[in-house]
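Comments concern the structure below.
The values are calculated or read from the model by the stated rules, or taken from the named source; none is laboratory data. Because the structure is predicted, anything quoted here is derived from the model rather than measured. Areas reflect the complete protein model, heavy atoms only, side chains present, ligands, DNA and RNA absent. Shrake-Rupley method; radii C 1.70, N 1.55, O 1.52, S 1.80 Å.
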Amino acid sequence: MVTGALGAVGRAAIQYLKEIGAVPVAGVRASRVAEAKAMGVEAIDIESTGKKAGFIAAIEAVGGAVAALAAALVRDGGKMAAVAGVPEGANPNNRIEVVNVWAADKT
């Protein structure tokens, strides 16, 4: 699952996942589900999906409350790459592996 799928980072993640043969799911707000589906991927309303959808992994590109929702949708033992950070308490007992991801200029 990819949050922020309609932003620059999310779109890049969706494209890459499709290229490697993965089946990405866009986690977006209800008002943007149709727009996300237009990218040729499954899309869910991240705010009303339920507490646990059982995704094996997530790419989280929004932060804040959306990051907490994304963490809850990853199954126990799953992984989440967090571009914008994860709020305190969003991953109780470290039930998922959270990897903070960022880019830096190497010059």
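Quick one: work out the % antiparallel among DSSP beta bridges in the chain, nearest 5. Could you put the intermediate results ahead of the total?
Numbers: 0 of 16 bridges.
Antiparallel bridges make up about 0 percent of those DSSP assigns within the chain.
Between residue 15 and residue 39, full extension at 0.36 nm per residue minus the direct alpha carbon distance yields a gain of 7.7 nm.
Counting helices only, and only those DSSP H runs with n ≥ 4, report the 222 nm mean residue ellipticity of the chain as the sum of -39,500 (n - 2.57) divided by its residues, in deg cm²/dmol to the nearest 500. Kindly include the intermediate steps, with their values, before the conclusion.
Details: 3 runs with 27 residues, N = 107.
Counting only the DSSP helices, I get -7000 deg cm²/dmol.
A 1.4 Å probe run over the protein chains yields, for the chain, 58 Å² of accessible area per residue, whole-number rounding.
Apolar share of the accessible surface for the chain: 55 percent from carbon plus sulfur atoms, 1.4 Å probe. Once you sort the root eigenvalues of the Cα gyration tensor of the stretch 1-89 as a ≥ b ≥ c, which label holds: rounded (a/c under 1.5), prolate (a/b larger than b/c) or oblate (the other case)? It is rounded, given that a/c, with a ≥ b ≥ c, falls under 1.5. Here residue 14 sits with roughly 10 square angstrom of accessible surface, probe radius 1.4 Å.
Counting pairs of alpha carbon atoms under 8 Å apart in space and at least six apart in sequence, what relative contact order in percent does the chain give?
21 percent.
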